Structures are given as structure tokens and as C-alpha cells.
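Q: Handing you a structure now.
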Amino acid sequence: MEIEQLQTEDVRPLRYAVLRSNQPFEETLYPGDNSAVHLGIREGSKVIGVVSIYAEQPMPKKGKPGDFRFRGMAIDPKFQGSGVGTALIESMLDKAWEMGAQRIWGNTRTDVFGFYSGHGFDSVGDVFDIPDLGPHVVMFMDRPRNRS
């Protein structure tokens, strides 16, 4: 699977279809999108998986310099379980460490907790509700010590 860097307008349709179809399309434009790094995977011309990285977004409660946030990870339902998510997570982590991240974090839906924890993410804090989106938990990963 080839990961490519995308533009904001490339990631919004999949964000809408998978994450925010119960909200206006405008809700797929996140603060900081114009300076974020958007990664994606295509099948032909169709974007089937996306994730975005935002530099210097301190983690809630325990934020520190070098925190980067990931957001808007979405996989086309037809491709869930096919390795697209794993490829995106691995590429997102590599890119974040390359950008200087000391930790990467995101608000993740509780129904995908196992996916993130299975890829080495830890959770912090209690489950919280995001109106219209449901229960979430903050998950994070510190930069591995052997990464310079």
C-alpha cells in the first residue's frame, strides 16, 4: 500500500462519510487543517484511508512541548480490516517522529480502542462524550527512545 501526502480537500469526503455523516459537511474542516500533514491511501483515484497530523498540539491535562496530534483517521468501511489502518498508523508515526514529535496523541472513539492499543497506544483519563460523535478517550504514544 502506497501512502501519499494529500491536500485538505482530498481528506474531507472520507472524513464526512466515515466520521461525521450526521453533521454538516463543513464540520469536516478542522482547525489547523491548512498547516497539517494529511496522509492517505488510494485505490485507483478513490481515497480509501486518511489521517492528519497537527504539529505542537498539547495533549489535554498532561501536555508538554513536542506533542503532536493525530486526527480524522478514517478508513472506507469496505477496506476496514484489510491493513489500510495499520499502514496509515505506521506511516503517521514515522512522519510524526520525522517532524520532531516527542509524543503523538488523539481523541479516539471507544469502539476503536482495541485497534490503537494493539498498535502500542496507551490511554489517559476517563471516557468522555463529544456531542453528536459519541464516547471518546485520549490515546497517545511517546517517541521510542531509540528514535533520534
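Q: Could you tell me whether any residue of the stretch 71-92 is of a type in the set (K, R), within 23 Å of P24 (Cβ to Cβ) and touching a Pro at 6+ places or on another chain (Cβ under 9 Å)?
A: no
Q: Here's a follow-up. How many residues does the stretch 95-124 contain that are farther than 24 Å from R145 by Cβ and touching a Lys or Arg at 6+ places or on another chain (Cβ under 8 Å)?
A: 1
Q: Can you list residue pairs whose Cβ atoms sit under 6 Å apart, with the first residue in the stretch 78-106 being of a type in the set (A, V, I, L, M) and the second being open to solvent by 40 Å² or more (accessible area, probe 1.4 Å)? Count only pairs 6 or more apart in sequence or on different chains.
A: Note: pairs meeting the criteria are A87/M1; I89/H119.
Q: Could I ask something else about it? Need the failing condition index for K95 against (1) surrounded by 12 or more Cβ atoms within 10 Å (Cβ to Cβ); (2) closer than 25 Å to E27 by Cα; (3) modelled with pLDDT of 95 or more, just the number.
A: That leaves (2) as the condition not met.
Q: Which residues, counting only those in the stretch 75-92, are more than 16 Å from M1 (Cα to Cα) and surrounded by 19 or more Cβ atoms within 10 Å (Cβ to Cβ)?
A: Passing the criteria: none in range.
Q: Answer yes or no: is there a residue in the stretch 131-139 that is of a type outside the set (S, T, Y), in contact with a helix residue (DSSP H, G or I) (Cβ under 6 Å, 6 or more places away or on another chain) and open to solvent by 50 Å² or more (accessible area, probe 1.4 Å).
A: yes
Q: Continuing with this model, one more query. Quick one: would you say A17 is open to solvent by 50 Å² or more (accessible area, probe 1.4 Å) and small (G, A, S)?
A: Yes.
Q: Go through (1) surrounded by 14 or more Cβ atoms within 10 Å (Cβ to Cβ); (2) closer than 26 Å to P135 by Cα for P31 and report which single condition fails.
A: Here P31 clears every test but (1).
Q: How many of the residues making up the stretch 111-148 are in a strand (DSSP E or B) and not aromatic (F, W, Y)?
A: Looking only at that region, the number is 16.
Q: Look through the stretch 115-130, keep the residues that are hydrophobic (A, V, I, L, M, F, W, C) and either modelled with pLDDT under 90 or under 24 Å from V84 (Cα atoms) (or both), and return whichever of them is surrounded by the fewest Cβ atoms within 10 Å (Cβ to Cβ).
A: Checking each candidate, the answer is I130.
The values are calculated or read from the model by the stated rules, or taken from the named source; none is laboratory data. As the structure is a prediction and not an experimental result, all values here were calculated from the model. Cβ sites come from the backbone with ideal geometry, for glycine too, and all protein chains shown count toward neighbours. Ligands, DNA and RNA are stripped out before the accessible areas are found, and what is left, the full protein with its side chains, is counted by its heavy atoms. Shrake-Rupley method; radii C 1.70, N 1.55, O 1.52, S 1.80 Å.
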